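The structure appears right after this line, and notes come after that.
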Amino acid sequence: MTGQEFNHDWQTHKSNNFKKIGQLKHVTSDSIKNSGVSIGFECLDRFLFDPEKCYDKLAAIGVKWARCQTGWCRCEKEKNVYDFRWLDTVVDNLLKRGIQPWFNLGYGNKLYMPDAYGDAAVGHVPLYYGDEALQAWEKYVAALAEHFSDRVNFWEIWNEPNVKSFWQPMEPSPMDYAKLIRITAPIIRNYVPGAKIGACQNCVFSPSYTPAFIKSGIADTIDIFSVHIYRIQPESKNVYNELETLRRMLDENGGSHVKIYQGESGYASWFPENHWMNTYFLESETNQAKWLLRRFLSDFGAGLELSCFFQVADMEKPYQKGFDEIKLPARYGILNGNNYTPKKSYYALAHIATVFDCDTKRLPSYINISSDVDMPKSERLSRLFNVSFMTHSFIRNNRPMYFYYLPEDIQLDWPGLSNMDISLFPAEHNTGISNPVAVDMLDGSIYKIENFETTGEYVSQLRGMPIKDYPILITDINALAGRIEN
């Protein structure tokens, strides 16, 4: 892919400030020691995509984690008889390619819940179906944990329990969710010593749910709190303040050891009419790719160690969750569900994985963006301009890495601006930038920056820089050592 496939600003920039020198090199999963880049590998309990067509494509772009639903309904089709062969195939194929599966343990089983919606009993909670169902759940968890004890260490219990569709047949209850975790976690730990136990919710912080759940004392049982952040703009509702509030409440209730992950969040390349996300622009691969970039930057910029994009491949057939109507899902995959060809979001994720391996660390450096251009009156000129620039700083190979963008709604197709002045203020314990490059994170193009000023031996100001509604990276070429190809 070339820069011209996405935008022409770099090549035609009036200041002739940029010279393309290469592309971000895709790295394989088994060549990366570790990272926090995860992909959704869910819904195989309902046969909603073909995993065989995904393994090699994921391994080629450096994904390190995959969230897998364990599917009680698919594992136990006859009472007390467990068949984990399908899940063995998934786990082993991921592991041999350098991708670590992590389990989302949940959903019901019609053997014990005959009135459940759909064959997969999505969202039906064993707490509410009598002693036989609860004992069957405990036996299933024990069999599953014993079977995968040497392959899977991170176990997330249930999915989005604060959402009615996923907490059936009763209303969502933080106290009952805490009870389910307290029943389930010791069984897992009995077979997987040192297992990391996760809770999750479909939001960052829900005033009507989260405080009661955390104050139940659940922090003494969990190691991870996974938040799912589905929003038109990844940064909206002041997600950083929400995360700080969640962190403070965990700390105040015995959970200072609990890590916060972003465990499921996505944006589709196509939405059906009347989708719950209320998008008004229904189809765009580019919008999906931009959103993905901003999601990972927001999460890593907030200090989260893991971020997971939903999902690997489009689900191309209708399915049912809870009491909801059966309907065609939005196309959230980074692979096309018809032919499993990569979308633009696939390449965007490759660029994230290339840059955010274990050698990249969050660093509170400062980047200032200003503009002297005359601002034209235009409906396409964002009201966010000059008040809401997003910036995130990291360090790699002892060189600072600055990401910046305008968090405009990607559906507006904001055209961007091309004459920004950017001042860089590196932290004192890194060596700064002496050979500046800019990386277009959407297409992976790397440009040498020609127009800059230095203070001492390092770059202090860049002239004539573009700004987009997706992240651009400014760094020293040495920060990308081993990550550039011509």
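Relative to the longest principal Cα axis of the chain, at what angle does helix 344-355 sit, 0 to 90 degrees, rounded to 10?
Here the helix axis deviates by roughly 80 degrees.
Going by alpha carbons, how many degrees (0 to 90, nearest 10) lie between the helix axis of 285-301 and the longest principal axis of the chain?
90
Once fully extended, how much extra length lies between Lys33 and Glu283, figured as 0.36 nm per residue of separation less the alpha-carbon to alpha-carbon distance? Provide the component values of the computation, followed by the final result.
On the way: separation 250, 0.36 × 250 = 90.00 nm, distance 3.60 nm.
Result for the pair: 86.4 nm of gain on full extension.
Which lysines does Lys20 reach when only Cα atoms under 19 Å apart count, and residues fewer than 8 places away in its own chain are ignored?
The qualifying lysines are Lys448, Lys468.
What's log10 of I(q)/I(0) for the range 113-181 at q = 0.21, 0.25 Å⁻¹, Debye sum over Cα points only, no solvent?
Normalising to I(0) and taking log10 leaves -0.99, -1.23.
In the range 57-108, with Lys and Arg counted as +1 and Asp and Glu as -1 at Cβ, which of these residues, Thr70, Asn80, Val90, has the Cα nearest the positive end of the dipole, that is, farthest along it?
Towards the positive end, the residue furthest out is Val90.
For the chain, give the magnitude of the charge dipole about the Cα centre (Cβ charges: +1 Lys/Arg, -1 Asp/Glu; no others), in debye to the nearest 20. Numbers along the way, then the final one.
Values: 50 positive and 59 negative charges, 101 e Å.
Computed charge dipole of the chain: roughly 480 debye.
What's the extension gain from Ile183 to Ala212 if we count 0.36 nm per residue and subtract their Cα-Cα distance? If you can, show how the numbers build up before the last one.
Numbers: separation 29, 0.36 × 29 = 10.44 nm, distance 1.82 nm.
Full extension from Ile183 to Ala212 adds 8.6 nm.
Between Gln461 and Lys237, what's the calculated FRET efficiency when r is the beta-carbon distance and R0 is 41 Å? Round to 0.05. Write down the numbers at each step before the final one.
Working: r = 34 Å, r/R0 = 0.82.
Calculated value: 0.75.
What do you get for the angle between helix 130-147 and the principal long axis of the chain? Use alpha-carbon atoms, 0 to 90 degrees, nearest ten.
In the chain, helix 130-147 runs at an angle near 60 degrees to the longest axis.
Taking H placed 1.01 Å from N in the peptide plane, check which residues at least 5 places from Thr454 or on another chain put their amide H under 5 Å from its amide H.
It is Ser460, by chain and number.
Can you put Ser370, Ser165, Ser393 in order of Cβ neighbours within 10 angstrom, beginning with the fewest?
Numbers: Ser370 11, Ser165 17, Ser393 21.
Starting with the residue having the fewest Cβ neighbours, the order is Ser370, Ser165, Ser393.
Between Asp50 and Arg85, what's the calculated FRET efficiency when r is the beta-carbon distance and R0 is 22 Å? Round to 0.05.
Numbers: r = 16 Å, r/R0 = 0.74.
With R0 = 22 Å, the Cβ-Cβ based efficiency is 0.85.
Would you please classify the overall shape of the range 148-257 from the alpha carbon gyration tensor, given that a ≥ b ≥ c denote the square roots of the eigenvalues, rounded means a/c under 1.5, and beyond that prolate means a/b larger than b/c while oblate covers the rest? All intermediate terms of the calculation are to be shown ahead of the outcome.
Numbers: a/c = 1.59, a/b = 1.43, b/c = 1.11.
Judged from the Cα gyration tensor, the range 148-257 comes out prolate (a/c at least 1.5, a/b above b/c).
Return the distance in nm (one decimal) between the two label points of a simple spin-label model at Met175 and Ala60, each offset 7 Å from Cα along Cα→Cβ.
5.3
Please express the Cα-Cα pair-distance distribution P(r) of the chain as a list of whole percents, one per 20 Å bin, running from 0 to the bin with the greatest distance.
For the chain, the binned pair fractions read 23, 55, 20, 2 percent.
Among the lysines, which fall within straight-line cross-link reach of Lys196, defined as a Cα-Cα distance under 19 Å, with same-chain neighbours fewer than 8 residues apart omitted?
Lys64, Lys179, Lys259
By a straight-distance test (C-alpha under 18 Å), which aspartates and glutamates pair with Lys25 as possible cross-link partners, with residues fewer than eight away in the same chain excluded?
In chain and number order, the partners are Glu5, Asp56, Asp357, Asp359, Asp440, Asp443, Asp476, Glu485.
Under a 5 Å amide H to amide H cut-off, with H placed in plane at 1.01 Å, what residues pair with Ile39 once short-range neighbours are removed?
Amide H to amide H, under 5 Å and 5 or more residues apart or across chains, Ile39 pairs with Trp65, Ala66, Arg67, Phe309.
If R0 is 56 Å, what FRET efficiency do you get for Arg248 and Asn478 from their C-beta distance, rounded to 0.05?
Details: r = 38 Å, r/R0 = 0.68.
It comes to 0.90.
How much net charge surrounds Gly482 when only other residues with a Cβ under 15 Å from its Cβ are counted (Lys, Arg +1; Asp, Glu -1)?
Values: positive: Lys25, Lys33, Arg396, Arg399, Arg483; negative: Asp357, Asp359, Asp476, Glu485.
My count for the surroundings of Gly482 gives +1.
Place +1 on the Cβ of every Lys and Arg and -1 on the Cβ of every Asp and Glu in the range 400-486, take the dipole about the Cα centre, and give the residue among Phe452, Gln411, Leu473 whose Cα lies farthest towards its positive end.
Phe452
Per residue of the chain, what 222 nm ellipticity follows from adding -39500 (n - 2.57) for every DSSP H run with n ≥ 4, rounded to the nearest 500? Spell out each step's value before the answer.
Numbers: 10 runs with 109 residues, N = 486.
For the chain, the value works out to -7000 deg cm²/dmol.
Could you tell me which residue out of Ala199, Pro364, Gly217 lies farthest along the dipole of the chain toward its positive end? Charges go on the beta carbon: Lys and Arg +1, Asp and Glu -1, centred on the Cα centre.
Ranked along the dipole, the leading option is Pro364.
Sorting check: for 461-469, 233-241, 143-151, which peptide has the highest mean count of neighbouring beta carbons within 10 Å, and how do the rest follow? Write out the running numbers ahead of the final one.
Working: 461-469: 20.9, 233-241: 15.8, 143-151: 17.4.
Sorting 461-469, 233-241, 143-151 by mean packing, highest first, produces 461-469, 143-151, 233-241.
We did not get these values from a lab; they are worked out from the coordinates using the rules stated. Please read these numbers as outputs of a predicted model, since none were measured by experiment. Cβ sites come from the backbone with ideal geometry, for glycine too, and all protein chains shown count toward neighbours.
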